[in-house]
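Worksheet: one structure, shown below.
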Amino acid sequence: MPKMLTDNEAAVRRTKILTAARWCFLNFGFAKTAFEDIAKRANLSRTLLYRIFKDKEEIYQAVFVDWLVSRHPAAKLAAKGPANPHERLLSVCRLMAVEPWAEMVGTPMGSEFLETCELIDPKSEALYRKVVYECVAAILGDEASTEVFLLALDGLFADKPSMEVLERRTKLLAARFAPRSTKKGLQS
């Protein structure tokens, strides 16, 4: 009879699987990643992996939720935090766009990750976009500015920039929509 895992051991195993799967999806793409690839990278048997996840789509959804949707609480806190609007906007951008990009940039299939999620799990992808919208709207205060900001933010990724370039672009964009305070003692 197999040994029962504690909740903590099961959580550690799940994290190990999701980390391995994310690496595989970013490097091989969804179509070319096999269960065997994920199992091997996680140092598990394929049979054990099938006991935890029924198929590759379920693992992909779990990776998306674990990696990106889990950022929602922190982004909501940043959006409503005590910092000035410029700093709050930068924090939301870092959490929801820049930090994930840091892991995607330079991987062979990183640019397809969100597009694939939209096809496999449109509900989670729509939730992700909704939360980003709500966070930015809480800072900018109106729909039109929020929509234009998010379109511009998406455009920053068009040429698959380096992290340094993306950071610089994000700061410039945030400054245009939520200028830093220039009053003495209030500048960030």
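The values are calculated or read from the model by the stated rules, or taken from the named source; none is laboratory data. Here the structure is a predicted model, which means the values were calculated and not measured. Neighbour counts run over all protein chains shown; Cβ positions are idealised from the backbone, glycine included. These accessible areas exclude ligands, DNA and RNA; they are computed on the full protein's heavy atoms, side chains included. Shrake-Rupley method; radii C 1.70, N 1.55, O 1.52, S 1.80 Å.
Report in % the part of the accessible area of region 1-57 that belongs to carbon and sulfur, leaving out ligands and nucleic acids; probe 1.4 Å. Working shown, then result.
Working: 2080 of 3850 Å².
C and S atoms contribute 54 percent here.
Per residue, the chain exposes 57 Å² of accessible surface when a 1.4 Å probe is rolled over the protein heavy atoms with every protein chain present. Take the Cβ atoms of Ala31 and Arg180, set R0 to 45 Å, and the FRET efficiency comes out at 0.50. Is any helix in the chain, taking whole DSSP H runs, at least 30 angstrom long along its axis by alpha carbon and on average at least -1.0 on the Kyte-Doolittle scale, and which ones? In the chain, the long hydrophobic H runs are 7-28.
Identify the trypsin sites (Lys or Arg not before Pro) of region 18-70 meeting these criteria: DSSP loop state and at most 10 other C-beta atoms within 10 Å of the C-beta.
Numbers: sites: Arg22, Lys32, Lys40, Arg41, Arg46, Arg51, Lys54, Lys56; in loops: Lys32, Lys54.
Those satisfying the criteria are Lys54.
Working note: 222 nm ellipticity from helices only, DSSP H runs with n ≥ 4, each -39,500 (n - 2.57), summed and divided by the residues of the chain, gives -20500 deg cm²/dmol to the nearest 500. Counting only the Cα atoms, region 109-188 fills a convex hull of 110 Å³ per residue. Determine the share of region 111-172's accessible area contributed by carbon and sulfur atoms, expressed in whole percent, with a 1.4 angstrom probe. Using a 1.4 Å probe with all protein chains present, region 111-172 comes out at 58 percent carbon and sulfur.
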